[in-house]
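Below is one structure, written out as C-alpha cells, with a few remarks after it.
Readers should treat all values here as calculations from the given coordinates under stated rules, not as data from a laboratory. What you are looking at is a predicted structure, and each value in this text was computed from that prediction instead of being measured. So basically every Cβ, Gly included, is an ideal-geometry build from the backbone, and we count neighbours across all protein chains shown.
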C-alpha cells in the first residue's frame, strides 16, 4: 500500500510533473469531448490532416517570436479551407485533397525547421514535450481549453444535429455549413491544445480514440461524452505517471494507454464488444418487425 | 400563408450536374391539404426535386415558392419538414427516439436548444400520436423499420410543419406498419398539411395519394392516381408496361 502511495505521490514533489499532469488532464478532457462528434461524423482523417498541417505554423511562430498557438491555429484553419478549395474546384476526391494538403504543409514545416536555428526542437514539436511545458504554454492551453469548452457547451445540441442529420438542420432554417465551419474551427483549436501533450504525430489519437472507445460502450450521447472524457483523462494521467517512473516517451505512453483501453472496450464491451456480443447473443431481444 | 396559394409552386426548374440534365424545365403546383406522390425511376429527378425544395441543391434555373413564400423564409418558420429515406440515416448514432423528435423543435428554441415545457409537451404528444411512447427512450437503431419511420414522422409532428417531404417512406417497412403510416399521413393531411411523397413503390400510391406526379426529368403526367397509373402513361416514364407490384 505504501508502495502504491509512494508511486502516486513521489512525482508530485516535482513542479514539472504537476505542470505536466495539469496539461495532460486539461488537453485530454477537451480532446475527448470533441472526439465524440469527430468519430460520429467520420472526420478522423481530417483530424490527422489538421494536426500535421500546423507544423509550419508552429515553426514560423518560433521564428517570429509569437505564441506557437497563433501560428498553429492559422495553419490549421488554413489547411481545412485549402482542402475544401481543392475538393470543390478540381476533380480530385476529398481523401486525395486531404492527403495532398496535409503532407504538403507538413513537408513545408520540416523544410522550415531545417533552415532555422536549433532553438526549435523538431522532436518536441513532433512528439510532444509534456515534462518541459513552460508557463506561457500552460496559459495558452488553459485559455484555449476554456474557449473550446464554452463554445461546445453552448452549441452542443446543434453540433449533434449537424452530425446526425444535416439535411434536417437545413430544412428547419439552420445552416449546416456554418455548423461545419464551427466544428472545424474547434477541431483546429483542439489540435493546438493537444500539441503540448503528445505532439503533432500523435494528436489525432487524442481526437479519435476516446470517442471511438466510448462509442463501443454506450448508445447515449451524454454518456458517450462522459465515458470519452474519463478514458482520455485516465489515460493521460496513467501515461504521464508511467513515463515518469519508467522513463518512457510521455506522449507515446499516453496514447498507448488510450489504445489499451480501446482494445479492452473492443473485446469486452457488453453491448458492442466482440466477446461481449458473443456472450449475450442468445439473450438478445428480437424486434417485433425486422427491418429489411 | 395567403388563402388559395399553393403549398408547393415550382416554375421552370432546371438542375444540371455537369453534362447531365437532372430536371428539365419542371412546373409543379400542389394545393394545400393534399397527399401528392412523386413517382419515377431512379435518375428521374425525384431526389433532385426534393433537394431543390429543401434548399440543399441550388437549381440552375427556375423558381420555387413554398406555402406562399420564399423557400428560405418558409424553412426558417419551421414550416418544412423532411423525413429522410432509411439508407440516409446513421442508425447506429447514439440518439434516442425523444432526442430525434426534439430536433423537430430546434428551430423554435433559443440558441442553446434547451427544451422548455412547451417543447417537452409537444415532443411527448408527437411520440404518443405515432404510438412510440413505450419506446421513447430507445436508441433509434433498436427500432423496427416501421417504428423508425414513425419516429421521424413524430419529429415532423413536433415541428408542426405545414409541408412534409417524405423520401421513400415504405422501403424497409412491413405491410402492417405501412397501413399505420398511411393513416397517420392522411390524418395530417386532414389537418390541412401538405404531404409530398417520393416513391417508386407504385402499389402504395392509390391508397396513399390524392394525386400523383410522374417524373422523368420533366413532368410526364400529373393528376389523380387512376389517371397517372395507366399503362400508357407509365410506359412513357418507366419504359415498359408496369406490373401491378413494386417497381424496382
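Some observations on this one:
- Structural descriptor for chain B: relative contact order 26 percent, calculated from alpha carbon pairs under 8 angstrom and at least 6 residues apart.
- For peptide B:87-99, the mean count of partner chain Cβ atoms within 10 Å of a residue's Cβ comes to 4.
- Sites residue A:15 and residue A:123 - FRET efficiency at Förster radius 22 Å, r taken between beta-carbons, to 0.05: 0.45
- Estimated FRET transfer efficiency when R0 is 25 angstrom, pair residue B:73-residue B:11 (beta carbons, to 0.05): 0.90
- Distance from the stretch A:116-193 to the stretch A:1-29 (C-alpha centre basis), Å: 25
- Cα-based shape type of the stretch A:98-198, given that a ≥ b ≥ c are square roots of the gyration tensor eigenvalues and the cut on a/c is 1.5: oblate
- Semi-axis lengths (Å, descending) of the ellipsoid that matches the C-alpha gyration tensor of the stretch A:1-103: 37, 19, 9
- A full extension of the chain between residue A:90 and residue A:111 corresponds to an added length of 4.9 nm, given 0.36 nm per residue minus the alpha carbon distance.
- The packing ranking of peptides A:50-56, B:176-182, highest mean first, is A:50-56, B:176-182, where packing means the average number of other beta carbon atoms within 10 angstrom of each residue.
- When only Cα pairs below 8 angstrom with a gap of at least 6 residues are kept, chain A shows a relative contact order of 27 percent.
- Cα gyration tensor shape of the stretch B:116-248, rounded if a/c is under 1.5, else prolate or oblate by comparing a/b with b/c: prolate
- Chain A, helix-only ellipticity at 222 nm - DSSP H runs n ≥ 4, -39,500 (n - 2.57), divided by all residues, nearest 500: -26500 deg cm²/dmol
- Peptide B:132-144 is shielded by partner chain Cβ atoms: per residue, an average of 2 of them sit within 10 Å of its Cβ.
- Tensor-based shape of the protein assembly as shown (alpha-carbon gyration tensor, a/c under 1.5 rounded, otherwise prolate or oblate): prolate
- Calculated mean residue ellipticity at 222 nm for chain B: -9500 deg cm²/dmol, from DSSP H runs with n ≥ 4 weighted as -39500 (n - 2.57), summed, divided by the residue count and rounded to 500.
- Residue ranges B:82-94, B:16-28, B:137-149 sort as B:137-149, B:82-94, B:16-28 when ordered by packing (mean number of other C-beta atoms within 10 Å per residue, highest first).
- Highest-first packing order for the peptide set B:68-81, A:265-278 is B:68-81, A:265-278, based on the mean count of other beta carbon atoms within 10 Å.
- Here the protein assembly as shown carries DSSP beta bridges of which approximately 50% are antiparallel, counting only pairs with both residues inside.
- FRET efficiency, residue B:207 to residue A:151 (Cβ-Cβ, R0 41 Å, nearest 0.05): 0.25
- The mean count of C-beta atoms from other chains within 10 Å of the C-beta of residues in A:156-163, rounded to a whole number, is 4.
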